[in-house]
1. Of these, ALA86, ALA111, ALA144, ALA115, which one is more than 21 Å from the chain's Cα centre (by Cα) and closer than 22 Å to ASP47 by Cβ?
2. Taking the conditions exactly as written (under 16 Å from the mean Cα position of the chain (by Cα), touching a residue at least 40 places away in the same chain (Cβ under 8 Å), over 17 Å from ILE132 (Cβ atoms) and open to solvent by less than 60 Å² (accessible area, probe 1.4 Å)), does ALA51 satisfy them or not?
3. Would you mind stating whether LEU16 is open to solvent by less than 50 Å² (accessible area, probe 1.4 Å) and either on the phi < 0 side of the Ramachandran plot or not in a helix (DSSP H, G or I) (or both)?
4. What residue, among those in segment 122-144 that are charged (D, E, K, R) and farther than 23 Å from ALA39 by Cα, is least open to solvent (accessible area, probe 1.4 Å)?
5. Say we look at segment 89-108 and pick out the residues that are in contact with a strand residue (DSSP E or B) (Cβ under 6 Å, 6 or more places away or on another chain) and buried (at least 23 other Cβ atoms within 10 Å of the Cβ); which of these is farthest from SER45 (Cα to Cα)?
6. For segment 160-174, how many residues meet the condition of being under 18 Å from ALA303 (Cβ atoms) and open to solvent by 10 Å² or more (accessible area, probe 1.4 Å)?
7. Out of GLU197, GLU221, which single residue is among the charged types (D, E, K, R), at pLDDT below 95, open to solvent by 10 Å² or more (accessible area, probe 1.4 Å) and not in a loop (DSSP other than H, G, I, E, B)?
8. What are the residue pairs meeting all of these: first residue in segment 155-171, first residue more than 18 Å from SER91 (Cα to Cα) and in a helix (DSSP H, G or I), second residue among the charged types (D, E, K, R) and open to solvent by 10 Å² or more (accessible area, probe 1.4 Å), Cβ atoms under 7 Å, and 6 or more apart or on different chains?
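The values are calculated or read from the model by the stated rules, or taken from the named source; none is laboratory data. Quantities reported herein were computed from a predicted structural model and do not represent experimental measurements. Counting neighbours? That spans all protein chains shown, and the Cβs are built from the backbone with ideal geometry, glycine included. Please note that ligands, DNA and RNA were not included when accessible areas were found on the heavy atoms of the full protein model with its side chains. Shrake-Rupley method; radii C 1.70, N 1.55, O 1.52, S 1.80 Å.
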Amino acid sequence: MREEILSIPDVTAKFLDASRDTLAAAGAKLREKNPPFLASIARGSSDHVSAFLKYSSELTAGIPVASLGPSVASIYGVKLKLGSAATLSISQSGKSPDIVSMTNAARESGALTIAITNVIESDLARASDFAIDILAGPERSVAATKSFVSSAVAGLALIGHWTEDKKLLAAIDELPAALAKAVACDWSAFAGAVTNENSLFVLGRGPSLAIANEMALKFKETSAVHAEAFSAAEVMHGPKAIVGEGFPILVLAARDAAEDSLVDAANRLADQGAAVFLTSSKPSKATALPFVATSHPLTDPLALLVSFYAFVESFARSRGLNPDEPPHLRKVTETL
(Lines give C-alpha, C1' and ligand atoms only; values in the text may rest on other atoms or scores of the structure.)
Protein backbone atom coordinates (compact mmCIF):
# COMPACT_ATOMS: atom_id res chain seq x y z
CA MET A 1 0.00 0.00 0.00
CA ARG A 2 2.81 2.39 0.87
CA GLU A 3 4.51 1.84 -2.49
CA GLU A 4 1.23 2.40 -4.32
CA ILE A 5 0.56 5.63 -2.43
CA LEU A 6 4.03 6.95 -3.27
CA SER A 7 3.43 6.10 -6.95
CA ILE A 8 0.25 8.19 -7.22
CA PRO A 9 1.90 11.35 -8.64
CA ASP A 10 3.69 9.39 -11.38
CA VAL A 11 0.63 7.26 -12.15
CA THR A 12 -1.46 10.42 -12.48
CA ALA A 13 1.08 12.03 -14.81
CA LYS A 14 1.24 8.89 -16.95
CA PHE A 15 -2.53 8.77 -17.29
CA LEU A 16 -2.82 12.42 -18.27
CA ASP A 17 -0.06 12.15 -20.86
CA ALA A 18 -1.54 9.04 -22.49
CA SER A 19 -5.27 9.76 -22.36
CA ARG A 20 -5.90 13.23 -23.77
CA ASP A 21 -7.33 12.01 -27.08
CA THR A 22 -9.69 9.52 -25.43
CA LEU A 23 -10.89 12.09 -22.91
CA ALA A 24 -11.39 14.73 -25.60
CA ALA A 25 -13.41 12.30 -27.74
CA ALA A 26 -15.61 11.25 -24.83
CA GLY A 27 -16.09 14.89 -23.84
CA ALA A 28 -17.13 15.77 -27.38
CA LYS A 29 -19.63 12.90 -27.39
CA LEU A 30 -21.13 14.21 -24.15
CA ARG A 31 -21.55 17.65 -25.71
CA GLU A 32 -23.24 16.02 -28.71
CA LYS A 33 -25.54 13.95 -26.48
CA ASN A 34 -26.28 16.98 -24.28
CA PRO A 35 -27.82 14.84 -21.52
CA PRO A 36 -30.23 16.47 -19.06
CA PHE A 37 -28.66 14.34 -16.32
CA LEU A 38 -25.90 11.82 -15.71
CA ALA A 39 -26.28 8.53 -13.86
CA SER A 40 -23.44 6.82 -12.02
CA ILE A 41 -23.00 3.06 -11.60
CA ALA A 42 -20.47 1.89 -9.01
CA ARG A 43 -19.86 0.28 -5.63
CA GLY A 44 -17.34 0.65 -2.80
CA SER A 45 -14.49 3.10 -3.32
CA SER A 46 -15.59 3.54 -6.93
CA ASP A 47 -18.94 4.81 -5.68
CA HIS A 48 -17.08 7.44 -3.66
CA VAL A 49 -15.37 8.47 -6.90
CA SER A 50 -18.86 8.76 -8.39
CA ALA A 51 -19.97 11.01 -5.55
CA PHE A 52 -16.93 13.23 -6.10
CA LEU A 53 -17.76 13.46 -9.80
CA LYS A 54 -21.42 14.16 -8.98
CA TYR A 55 -20.42 17.37 -7.22
CA SER A 56 -17.86 18.13 -9.94
CA SER A 57 -20.49 17.83 -12.69
CA GLU A 58 -23.10 19.81 -10.82
CA LEU A 59 -20.67 22.60 -9.91
CA THR A 60 -19.17 22.95 -13.41
CA ALA A 61 -21.67 21.73 -16.00
CA GLY A 62 -24.81 22.39 -13.96
CA ILE A 63 -25.90 18.85 -14.82
CA PRO A 64 -27.34 16.76 -11.96
CA VAL A 65 -26.04 13.26 -11.30
CA ALA A 66 -28.08 10.37 -9.91
CA SER A 67 -26.53 7.27 -8.37
CA LEU A 68 -28.18 4.13 -9.74
CA GLY A 69 -28.59 1.01 -7.63
CA PRO A 70 -26.99 -1.77 -9.72
CA SER A 71 -29.40 -4.32 -8.23
CA VAL A 72 -32.28 -2.60 -10.07
CA ALA A 73 -31.03 -4.37 -13.20
CA SER A 74 -29.03 -7.31 -11.83
CA ILE A 75 -31.49 -8.56 -9.18
CA TYR A 76 -34.84 -6.93 -9.93
CA GLY A 77 -34.57 -7.02 -13.72
CA VAL A 78 -36.08 -3.55 -14.19
CA LYS A 79 -35.13 -1.56 -17.27
CA LEU A 80 -34.80 2.13 -16.42
CA LYS A 81 -35.73 4.84 -18.91
CA LEU A 82 -32.27 6.29 -19.57
CA GLY A 83 -32.48 7.06 -23.28
CA SER A 84 -31.70 10.76 -22.90
CA ALA A 85 -29.03 10.28 -20.24
CA ALA A 86 -25.34 9.48 -20.11
CA THR A 87 -24.03 6.97 -17.58
CA LEU A 88 -20.66 6.76 -15.90
CA SER A 89 -19.68 3.29 -14.70
CA ILE A 90 -16.61 3.03 -12.48
CA SER A 91 -14.90 -0.22 -11.53
CA GLN A 92 -11.22 -0.94 -10.97
CA SER A 93 -11.56 -4.53 -12.18
CA GLY A 94 -14.45 -4.05 -14.61
CA LYS A 95 -15.69 -7.48 -13.53
CA SER A 96 -18.49 -7.10 -11.00
CA PRO A 97 -21.62 -8.61 -12.58
CA ASP A 98 -24.04 -6.05 -11.12
CA ILE A 99 -22.07 -3.09 -12.50
CA VAL A 100 -21.82 -4.74 -15.91
CA SER A 101 -25.50 -5.67 -15.89
CA MET A 102 -26.67 -2.15 -15.14
CA THR A 103 -24.31 -0.71 -17.75
CA ASN A 104 -25.66 -3.11 -20.37
CA ALA A 105 -29.22 -2.18 -19.44
CA ALA A 106 -28.40 1.53 -19.72
CA ARG A 107 -26.85 1.07 -23.15
CA GLU A 108 -29.84 -0.94 -24.35
CA SER A 109 -32.12 1.88 -23.23
CA GLY A 110 -30.24 4.36 -25.41
CA ALA A 111 -27.97 6.00 -22.85
CA LEU A 112 -24.45 7.08 -23.75
CA THR A 113 -22.36 4.74 -21.58
CA ILE A 114 -18.87 5.65 -20.39
CA ALA A 115 -16.69 3.36 -18.28
CA ILE A 116 -13.69 4.21 -16.11
CA THR A 117 -11.67 1.09 -15.36
CA ASN A 118 -8.17 -0.26 -14.75
CA VAL A 119 -8.80 -3.26 -17.02
CA ILE A 120 -9.51 -2.13 -20.56
CA GLU A 121 -10.16 -5.72 -21.73
CA SER A 122 -13.00 -6.21 -19.25
CA ASP A 123 -16.71 -6.95 -19.50
CA LEU A 124 -17.46 -3.42 -18.31
CA ALA A 125 -15.30 -1.85 -21.00
CA ARG A 126 -17.00 -3.98 -23.66
CA ALA A 127 -20.43 -2.95 -22.36
CA SER A 128 -19.65 0.75 -22.79
CA ASP A 129 -19.60 3.18 -25.71
CA PHE A 130 -16.40 4.72 -24.32
CA ALA A 131 -13.94 2.99 -22.00
CA ILE A 132 -11.32 5.10 -20.25
CA ASP A 133 -8.29 3.11 -19.07
CA ILE A 134 -6.93 4.69 -15.88
CA LEU A 135 -3.54 3.04 -16.54
CA ALA A 136 -2.85 2.60 -12.82
CA GLY A 137 -1.15 -0.76 -13.32
CA PRO A 138 -1.57 -3.71 -10.95
CA GLU A 139 -2.75 -2.75 -7.48
CA ARG A 140 -1.68 -5.42 -5.00
CA SER A 141 -2.96 -3.88 -1.79
CA VAL A 142 -6.59 -4.74 -1.06
CA ALA A 143 -7.36 -1.12 -0.16
CA ALA A 144 -7.61 0.97 -3.32
CA THR A 145 -5.41 4.08 -3.39
CA LYS A 146 -3.77 4.81 -6.72
CA SER A 147 -6.73 3.38 -8.62
CA PHE A 148 -9.09 5.65 -6.68
CA VAL A 149 -7.10 8.79 -7.45
CA SER A 150 -6.64 7.78 -11.10
CA SER A 151 -10.37 7.14 -11.46
CA ALA A 152 -11.21 10.49 -9.89
CA VAL A 153 -8.71 12.31 -12.11
CA ALA A 154 -10.08 10.51 -15.18
CA GLY A 155 -13.64 11.55 -14.37
CA LEU A 156 -12.64 15.11 -13.53
CA ALA A 157 -10.66 15.43 -16.75
CA LEU A 158 -13.64 14.04 -18.67
CA ILE A 159 -15.81 16.77 -17.16
CA GLY A 160 -13.17 19.35 -18.05
CA HIS A 161 -13.15 18.26 -21.69
CA TRP A 162 -16.96 18.01 -21.79
CA THR A 163 -17.40 21.56 -20.48
CA GLU A 164 -14.27 22.86 -22.24
CA ASP A 165 -13.19 24.33 -18.90
CA LYS A 166 -9.62 25.46 -19.56
CA LYS A 167 -8.99 26.50 -15.96
CA LEU A 168 -10.00 23.07 -14.65
CA LEU A 169 -7.95 21.25 -17.29
CA ALA A 170 -4.90 23.37 -16.47
CA ALA A 171 -5.29 22.58 -12.77
CA ILE A 172 -5.52 18.86 -13.56
CA ASP A 173 -2.30 19.08 -15.57
CA GLU A 174 -0.61 20.62 -12.51
CA LEU A 175 -1.98 17.97 -10.17
CA PRO A 176 0.93 15.45 -10.27
CA ALA A 177 3.31 18.04 -8.79
CA ALA A 178 0.77 18.95 -6.09
CA LEU A 179 0.20 15.30 -5.21
CA ALA A 180 3.94 14.74 -4.83
CA LYS A 181 3.95 17.45 -2.17
CA ALA A 182 0.76 16.15 -0.57
CA VAL A 183 2.26 12.70 0.07
CA ALA A 184 4.82 14.36 2.33
CA CYS A 185 2.28 16.19 4.53
CA ASP A 186 2.55 14.95 8.11
CA TRP A 187 -0.82 14.19 9.70
CA SER A 188 0.63 12.16 12.56
CA ALA A 189 -0.81 14.62 15.10
CA PHE A 190 -4.23 13.13 14.36
CA ALA A 191 -2.99 9.66 15.35
CA GLY A 192 -2.74 10.69 18.98
CA ALA A 193 -6.42 11.59 19.05
CA VAL A 194 -7.50 8.28 17.51
CA THR A 195 -5.12 5.77 19.10
CA ASN A 196 -7.36 4.92 22.05
CA GLU A 197 -10.65 5.46 20.24
CA ASN A 198 -12.75 3.04 18.21
CA SER A 199 -14.99 5.58 16.51
CA LEU A 200 -14.57 8.91 14.75
CA PHE A 201 -16.21 11.30 12.30
CA VAL A 202 -14.86 12.60 9.00
CA LEU A 203 -16.64 15.73 7.81
CA GLY A 204 -16.75 17.52 4.47
CA ARG A 205 -19.03 19.48 2.21
CA GLY A 206 -19.52 19.25 -1.53
CA PRO A 207 -16.60 17.47 -3.22
CA SER A 208 -14.78 17.00 0.08
CA LEU A 209 -17.77 15.08 1.48
CA ALA A 210 -17.22 12.41 -1.17
CA ILE A 211 -13.57 12.23 -0.13
CA ALA A 212 -14.65 12.03 3.53
CA ASN A 213 -16.63 8.89 2.64
CA GLU A 214 -13.52 7.36 1.11
CA MET A 215 -11.46 8.20 4.19
CA ALA A 216 -14.05 6.68 6.51
CA LEU A 217 -13.97 3.48 4.48
CA LYS A 218 -10.17 3.35 4.61
CA PHE A 219 -10.21 3.70 8.41
CA LYS A 220 -12.47 0.65 8.56
CA GLU A 221 -10.56 -1.36 5.94
CA THR A 222 -7.02 -0.77 7.12
CA SER A 223 -7.18 0.23 10.78
CA ALA A 224 -10.22 -1.51 12.30
CA VAL A 225 -11.62 1.87 13.37
CA HIS A 226 -15.30 2.62 12.95
CA ALA A 227 -15.44 5.91 11.07
CA GLU A 228 -18.50 7.68 9.74
CA ALA A 229 -18.55 10.43 7.12
CA PHE A 230 -21.05 13.27 7.31
CA SER A 231 -21.73 16.60 5.75
CA ALA A 232 -20.66 19.29 8.19
CA ALA A 233 -24.25 20.49 7.96
CA GLU A 234 -25.84 17.06 8.40
CA VAL A 235 -23.77 16.24 11.49
CA MET A 236 -25.57 19.05 13.30
CA HIS A 237 -28.95 17.37 12.72
CA GLY A 238 -28.44 14.51 15.15
CA PRO A 239 -25.06 12.73 14.85
CA LYS A 240 -23.30 15.34 17.01
CA ALA A 241 -25.28 13.99 19.98
CA ILE A 242 -22.63 11.30 20.50
CA VAL A 243 -19.75 13.78 20.41
CA GLY A 244 -18.17 14.17 23.80
CA GLU A 245 -14.84 14.95 25.39
CA GLY A 246 -11.97 13.83 23.18
CA PHE A 247 -14.15 12.40 20.39
CA PRO A 248 -11.91 12.53 17.28
CA ILE A 249 -13.16 14.45 14.25
CA LEU A 250 -11.34 15.10 10.97
CA VAL A 251 -12.74 18.08 9.05
CA LEU A 252 -11.82 18.32 5.35
CA ALA A 253 -11.81 21.89 4.15
CA ALA A 254 -10.82 22.65 0.57
CA ARG A 255 -10.17 26.14 -0.74
CA ASP A 256 -13.74 26.59 -1.92
CA ALA A 257 -17.02 28.27 -1.02
CA ALA A 258 -17.67 25.75 1.78
CA GLU A 259 -14.47 26.42 3.73
CA ASP A 260 -15.99 28.97 6.11
CA SER A 261 -18.89 26.66 6.98
CA LEU A 262 -16.46 23.83 7.73
CA VAL A 263 -14.40 26.07 10.01
CA ASP A 264 -17.61 27.05 11.80
CA ALA A 265 -18.58 23.38 12.25
CA ALA A 266 -15.11 22.61 13.59
CA ASN A 267 -15.44 25.39 16.15
CA ARG A 268 -18.88 24.26 17.30
CA LEU A 269 -17.75 20.65 17.74
CA ALA A 270 -14.59 21.73 19.54
CA ASP A 271 -16.83 23.63 21.96
CA GLN A 272 -18.49 20.26 22.73
CA GLY A 273 -15.11 18.89 23.75
CA ALA A 274 -14.26 17.03 20.54
CA ALA A 275 -10.66 16.62 19.40
CA VAL A 276 -11.06 18.36 16.05
CA PHE A 277 -8.45 18.44 13.30
CA LEU A 278 -8.96 20.72 10.31
CA THR A 279 -7.32 21.21 6.90
CA SER A 280 -7.56 24.99 6.85
CA SER A 281 -5.27 27.87 7.68
CA LYS A 282 -8.22 30.02 8.81
CA PRO A 283 -8.34 30.77 12.54
CA SER A 284 -10.26 28.12 14.47
CA LYS A 285 -10.46 26.16 17.72
CA ALA A 286 -9.33 23.01 15.88
CA THR A 287 -5.82 21.68 15.42
CA ALA A 288 -4.61 22.62 11.94
CA LEU A 289 -3.28 19.86 9.71
CA PRO A 290 -0.85 20.64 6.88
CA PHE A 291 -2.26 20.60 3.37
CA VAL A 292 -1.33 21.38 -0.21
CA ALA A 293 -3.49 23.97 -1.92
CA THR A 294 -3.90 23.27 -5.63
CA SER A 295 -4.92 25.74 -8.30
CA HIS A 296 -8.59 24.74 -8.42
CA PRO A 297 -11.26 24.00 -5.77
CA LEU A 298 -12.08 20.63 -7.41
CA THR A 299 -8.51 19.36 -7.29
CA ASP A 300 -7.94 20.39 -3.66
CA PRO A 301 -9.81 17.39 -2.17
CA LEU A 302 -7.62 14.95 -4.12
CA ALA A 303 -4.49 16.43 -2.58
CA LEU A 304 -6.08 16.06 0.87
CA LEU A 305 -6.85 12.42 0.10
CA VAL A 306 -3.27 11.60 -0.82
CA SER A 307 -2.05 13.14 2.46
CA PHE A 308 -4.61 11.01 4.28
CA TYR A 309 -3.59 7.82 2.48
CA ALA A 310 0.01 8.29 3.65
CA PHE A 311 -1.27 8.86 7.19
CA VAL A 312 -3.69 5.92 7.40
CA GLU A 313 -1.19 3.38 6.06
CA SER A 314 1.26 4.34 8.81
CA PHE A 315 -1.51 4.51 11.40
CA ALA A 316 -2.68 0.97 10.60
CA ARG A 317 0.82 -0.37 11.10
CA SER A 318 1.12 1.50 14.41
CA ARG A 319 -1.90 -0.52 15.56
CA GLY A 320 -0.16 -3.77 14.64
CA LEU A 321 -2.26 -4.30 11.52
CA ASN A 322 -1.26 -5.08 7.94
CA PRO A 323 -3.03 -2.57 5.69
CA ASP A 324 -2.02 -4.55 2.60
CA GLU A 325 -4.18 -7.52 3.59
CA PRO A 326 -7.15 -6.55 5.79
CA PRO A 327 -9.09 -9.49 7.26
CA HIS A 328 -12.18 -10.79 5.46
CA LEU A 329 -11.56 -8.72 2.30
CA ARG A 330 -10.44 -9.52 -1.24
CA LYS A 331 -9.03 -7.23 -3.89
CA VAL A 332 -11.75 -7.97 -6.44
CA THR A 333 -15.28 -8.16 -5.09
CA GLU A 334 -17.93 -9.49 -7.46
CA THR A 335 -21.55 -8.94 -6.42
CA LEU A 336 -24.89 -9.50 -8.09
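1. Selected residue: ALA111, the only one of ALA86, ALA111, ALA144, ALA115 that is more than 21 Å from the chain's Cα centre (by Cα) and closer than 22 Å to ASP47 by Cβ.
2. Criteria met by ALA51.
3. It is true that LEU16 is open to solvent by less than 50 Å² (accessible area, probe 1.4 Å) and either on the phi < 0 side of the Ramachandran plot or not in a helix (DSSP H, G or I) (or both).
4. Across segment 122-144, the extreme among qualifying residues is GLU139.
5. Looking at residues that are in contact with a strand residue (DSSP E or B) (Cβ under 6 Å, 6 or more places away or on another chain) and buried (at least 23 other Cβ atoms within 10 Å of the Cβ), I get ALA106.
6. 5
7. GLU221
8. Going by the 7 Å Cβ cut-off, the qualifying pairs are TRP162/ARG31.
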